[in-house]
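The structure under discussion appears below in the form of structure tokens.
The values are calculated or read from the model by the stated rules, or taken from the named source; none is laboratory data. What you see is a predicted model, and the numbers here were worked out from it, not measured in a lab. Cβ coordinates were reconstructed from backbone atoms using ideal geometry, including for glycine residues, and neighbour counts include every protein chain displayed. All accessible areas refer to the heavy atoms of the entire protein, side chains included, with ligands and DNA or RNA removed. Shrake-Rupley method; radii C 1.70, N 1.55, O 1.52, S 1.80 Å.
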Amino acid sequence: MPQHVQGVIAPGRDEPVRVETIVIPDPGPGEAVVKIQACGVCHTDLHYKQGAINDEFPFLLGHEAAGVVESVGEGVTDVTPGDFVILNWRAVCGTCRACLRGRPWYCFDTHNAKQRMTLLDGTELSPALGIGAFAEKTLVAAGQCTRVDPAVAPEVAGLLGCGVMAGIGAALNTGNVGRGDTVAVIGCGGVGDAAIVGSRLAGAARIIAVDIDDRKLETARTMGATHTVNSRSTDPVEAIRELTGGFGADVVIEAVGRPETYRQAFYARDLAGTVVLVGVPTPDMQLELPLLDVFGRGGALKSSWYGDCLPSRDFPMLVDLHQQGRIDLAAFVTETIGLGGVEKAFARMHEGDVLRSVVVL
């Protein structure tokens, strides 16, 4: 029978979020109901609230989550009730041309649950990134559930579901940062700091953190940045060149998602270097670059969707590295809150007061 749970919805563009009763249907074929234990407050949820993703309100927010599978639908064999899982928003299909070429992280036909969760009056909800995890329980496609070691704390594990994976993957998977490389990271929020962690893990010799907030730059140092640049007072392109012998960085990771910071990243890289865009732009943004510069500087301009990760491969690996003490995922958790604290968490995010607020249920 359908279940009634509490969840956080965004009712309309820029309206305050509120806690409502959500109706969770029984899982259908290929679906699973997951009891949520923790869910990070990600900037993408704020984008949904602001209408910057689309206008399919009301949204059931939350997507950076971990929990326990409660029930599964017909045909589900990869997870069973009782499994501790991290939710992912790119459940690969296994049959598209990318998957069949052995590149499932580029899957062109990722899927979500087919049934819709609703409000009590029957209003259908749009789950953020196909998950909707600011709720006591949620309905997802079973392929969105990735089993990991249940010994890891849920508030830490859930962060791999989006921001931390996006940043670490931008460095390791998309940017292919290697031993001895110089790396610059523009934007030191959760994703940018995760890119710093990934670059350090890959053996980068020099990691330059760029932001306009000294508080964030200090945090970036604790994550592994060797140098910091406050771009409010210093030209970041010139500063990065000065720190790299006049050449620019081998890899520049743009974790803001704005045209002006992307241009900085483009000109702050070495010839034949790599720019990785992992910050999420809004639909109205446009980028202008001299085409001759794009041609003449060579190298690669890449976008990084979800850190080009394969959840079944990367989530367990990163949990294992955390448990070995080789990466400190707990350092990303600034505070834990309840469902009723999400609106305040958005305000704190906007002010730059937190790295991650995490809803714990």
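Worth pointing out:
- What the range 246-361 shows is 48 Å² of accessible area per residue, with the surface traced by a 1.4 Å probe over protein heavy atoms.
- Along the chain, the longest continuous region that contains none of the trypsin sites (Lys or Arg not before Pro) in a DSSP loop with at most 13 other C-beta atoms within 10 Å is 233-325.
- Heavy-atom accessible surface of the range 142-196: percent carbon and sulfur, 1.4 Å: 46
- Gaussian network model of the chain, Cα within-10 Å springs - most flexible of E288, E20, E31: E288
- The range 54-107 versus the range 299-323: alpha-carbon centroid distance in Å: 15
- The range 8-40 and the range 187-262 have Cα centres lying 35 Å from one another.
- With helices as the sole contributors, the chain gives -7000 deg cm²/dmol at 222 nm; each DSSP H run of n ≥ 4 counts as -39500 (n - 2.57), and the sum is divided by every residue.
- Computed over the range 13-111, Kirkwood Rh from alpha-carbon pairs, angstrom: 15.7
- Charge dipole (the range 1-83, unit charges on Cβ, about Cα centre) - positive-most of S71, P16, F57: P16
- Accessible surface of the range 39-124 [probe 1.4 Å, protein heavy atoms]: carbon and sulfur percent: 46
- Protein heavy-atom accessible surface, 1.4 Å probe, per residue over the range 1-146: 41 Å².
- Net charge of Cβ neighbours under 9 Å - reference S312; Lys, Arg +1; Asp, Glu -1: 0
- Normalised by 2.2 N^0.38 Å, with N the number of residues, the alpha-carbon radius of gyration of the range 124-283 equals 1.12.
- Max mean-square fluctuation residue, GNM over the chain, Cα-Cα springs under 10 Å, options L217, L100, L292: L292
- Across A347, A202, A170, mean-square fluctuation computed from a Gaussian network of the chain (C-alpha pairs under 10 Å connected) peaks at A347.
- Stokes-Einstein D (µm²/s) once Rh is taken as the Kirkwood radius of the range 194-332 over alpha-carbon pairs, at 4 °C in 1.567 mPa s: 80
- Annotation: aspartates and glutamates with alpha-carbon distance below 13 angstrom to K302 (same-chain offsets under eight excluded): E254.
- Pairwise label distance in nanometres, D293 with V19, each label 7 Å out on the Cα-Cβ vector: 5.0
- Computed E for A331/R258 - FRET, C-beta separation, R0 22 angstrom, nearest 0.05: 0.30
- Percent of alpha-carbon pairs separated by more than 27 Å within the chain: 45
- For the pair R103 and Q115, label points projected 7 Å from Cα toward Cβ lie 3.6 nm apart.
- For the range 242-317, a Kirkwood radius taken over Cα pairs fed into Stokes-Einstein (4 °C, viscosity 1.567 mPa s) yields D = 96 µm²/s.
- All other residues whose Cβ lies under 13 angstrom from that of S71 are scored, Lys and Arg at +1 and Asp and Glu at -1, for a net of -3.
- Accessible area of the range 199-309 belonging to carbon and sulfur atoms, whole % at 1.4 Å probe: 53
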